[in-house]
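Student: The structure is given below, and queries will be raised subsequently.
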């Protein structure tokens, strides 16, 4: 009978400093000469990681009450719109928010500035009420003067993502970067065999309550992410061949590091934010041992034409091919470039590994698993009624 481990057993070994922890890349190498049964015996936890642009991110901020108090009904941080429809002095600044007059500076930059200890200008307006008589405030805030500063990202860490090319004769600017005409380049995201949700494609150990490495601090998976789609087609290794599941994450920004949270501006597209996420996957049984052993040669993704309406699929390639620097699509040899950082993902996986080995980080069993058989609906457009 094959060995089955428990979370409690693994956490006890972590506390005692006896657990064997490998990165996903290391266990992929081990799998070349070890069976899943042998990996279960030898390895307790596998660390995964990604560092890439995740537009669906942002921060909850409680500014504190001034005297006299104000009910903030319009908020700007360094000129960037901050959502104010929460409470008197609560706001949510989205990573992609920006002032259209200065599109290269957005919410992600505000979050990074605060994280780096810089002063940020707060301006807010209210209509004035009996309990909140003030109508305007203009001041500066600092990470040490605000109360809560919480990273809350509704959609992060895509389980795979497509490759972008452009078959048209003109250059186009997208969230996948600048795409040259006539398929002269191809861009891709995720960290392949290091990517968290590719190492547990059935999401057996990743769910609500999973403790994760989030931008240098400990954070949590709090829900399935938006656009969570488990109905995507899979290859023979059980891996979705395009963007599928996602996670919503949360953590204390005051504990995070700007090394793992960085604003970015894509020319003629807009602002996004690079987010560093690492997830430890416990090797509970042979099935999980087989899953975490996945190699870049076994992970496939779809090549889409971003220059054509509907983004038709042109081909399917492996991450081994993508990371080689070139792919072939319909007979064309195309240069590839990542829009995420594999080097930073490797650093996160290694840092998480050290924290686990030192007893600074423990694995947590999800309190609830994610839904199965989900799919996406397009926005249905209807004609507005007169009157």
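The values are calculated or read from the model by the stated rules, or taken from the named source; none is laboratory data. Computed from a predicted structure; not experimentally measured. As a convention, Cβ positions derive from the backbone with ideal geometry for all residues, glycine included, and neighbour counts pool all protein chains shown.
Student: Could you please let me know if residue 342 is farther than 19 Å from residue 217 by Cα, surrounded by 18 or more Cβ atoms within 10 Å (Cβ to Cβ) and modelled with pLDDT of 95 or more? Lay out the reasoning, then the answer.
Tutor: Numbers: farther than 19 Å from residue 217 by Cα: yes; surrounded by 18 or more Cβ atoms within 10 Å (Cβ to Cβ): yes; modelled with pLDDT of 95 or more: yes.
Here the answer is yes, as residue 342 does meet what is asked.
Student: Another one. From the list 328, 335, 346, 290, which one is outside the structural domain of residue 99 (by TED's automatic domain parsing), free of Cβ contacts under 8 Å to residues at least 40 places away in the same chain and outside any loop (DSSP other than H, G, I, E, B)? Spell out the reasoning first.
Tutor: Numbers: 335 fails: free of Cβ contacts under 8 Å to residues at least 40 places away in the same chain; 346 fails: free of Cβ contacts under 8 Å to residues at least 40 places away in the same chain; 290 fails: free of Cβ contacts under 8 Å to residues at least 40 places away in the same chain.
On inspection, the qualifying residue turns out to be 328.
Student: Kindly check whether there is at least one residue in region 157-164 that is touching a strand residue (DSSP E or B) at 6+ places or on another chain (Cβ under 8 Å), part of a strand (DSSP E or B) and closer than 25 Å to residue 269 by Cα.
Tutor: Quick first cut of region 157-164, residues touching a strand residue (DSSP E or B) at 6+ places or on another chain (Cβ under 8 Å) only: 157, 159-164.
Restricting the remaining residues to those that are part of a strand (DSSP E or B) gives 163-164.
From the residues that got through so far, the ones that are closer than 25 Å to residue 269 by Cα too are 163-164.
Scanning region 157-164, I find at least one residue that is touching a strand residue (DSSP E or B) at 6+ places or on another chain (Cβ under 8 Å), part of a strand (DSSP E or B) and closer than 25 Å to residue 269 by Cα, so the answer is yes.
Student: Could you tell me whether any residue of region 275-296 is more than 21 Å from residue 204 (Cβ to Cβ), touching a strand residue (DSSP E or B) at 6+ places or on another chain (Cβ under 6 Å) and surrounded by fewer than 18 Cβ atoms within 10 Å (Cβ to Cβ)?
Tutor: No, every residue in region 275-296 fails to be more than 21 Å from residue 204 (Cβ to Cβ), touching a strand residue (DSSP E or B) at 6+ places or on another chain (Cβ under 6 Å) and surrounded by fewer than 18 Cβ atoms within 10 Å (Cβ to Cβ).
Student: Report every pair of residues separated by at least 6 positions or lying on different chains whose Cβ atoms are under 9 Å apart, first residue within region 180-206 and within 20 Å of residue 350 (Cα to Cα), second in a helix (DSSP H, G or I) and modelled with pLDDT under 95.
Tutor: Final answer for the pair search is none.
Student: Which members of region 193-227 meet the condition of being outside any loop (DSSP other than H, G, I, E, B) and under 17 Å from residue 288 (Cα atoms)?
Tutor: Step one: of region 193-227, the residues outside any loop (DSSP other than H, G, I, E, B) are 193-194, 196-199, 208, 211-214, 217-224.
Those that are outside any loop (DSSP other than H, G, I, E, B) and under 17 Å from residue 288 (Cα atoms): 193, 194, 196, 197, 198, 199.
Student: In contact with a helix residue (DSSP H, G or I) (Cβ under 9 Å, 6 or more places away or on another chain), assigned to a strand (DSSP E or B) and surrounded by fewer than 14 Cβ atoms within 10 Å (Cβ to Cβ) - does that describe any residue in region 352-372?
Tutor: Scanning region 352-372, I find no residue that is in contact with a helix residue (DSSP H, G or I) (Cβ under 9 Å, 6 or more places away or on another chain), assigned to a strand (DSSP E or B) and surrounded by fewer than 14 Cβ atoms within 10 Å (Cβ to Cβ), so the answer is no.
Student: Still on this model: Looking only at region 312-325, which residues are outside any strand (DSSP E or B) and either free of Cβ contacts under 8 Å to residues at least 40 places away in the same chain or out of contact with any strand residue (DSSP E or B) (no Cβ under 9 Å at 6 or more places or on another chain) (or both)?
Tutor: Kept after step one, since they are outside any strand (DSSP E or B), are these residues of region 312-325: 312, 319-325.
Answer for region 312-325, where residues must be outside any strand (DSSP E or B) and either free of Cβ contacts under 8 Å to residues at least 40 places away in the same chain or out of contact with any strand residue (DSSP E or B) (no Cβ under 9 Å at 6 or more places or on another chain) (or both): 312, 320, 321, 324, 325.
Student: Can residue 69 be described as touching a residue at least 60 places away in the same chain (Cβ under 8 Å) and touching a strand residue (DSSP E or B) at 6+ places or on another chain (Cβ under 9 Å)?
Tutor: yes
Student: Right, next: What's the total number of residues in region 8-33 that are within 21 Å of residue 359 (Cβ to Cβ), out of contact with any helix residue (DSSP H, G or I) (no Cβ under 7 Å at 6 or more places or on another chain) and either in a helix (DSSP H, G or I) or not assigned by TED's automatic domain parsing to the domain that holds residue 50 (or both)?
Tutor: Selection size over region 8-33: 9.
Student: Another question about this same structure. Give the residue, chosen from 263, 217, that is surrounded by fewer than 19 Cβ atoms within 10 Å (Cβ to Cβ), in the same structural domain as residue 39 (by TED's automatic domain parsing) and within 20 Å of residue 342 (Cα to Cα).
Tutor: On the way: 263 fails: surrounded by fewer than 19 Cβ atoms within 10 Å (Cβ to Cβ).
From the options 263, 217, the qualifying one is 217.
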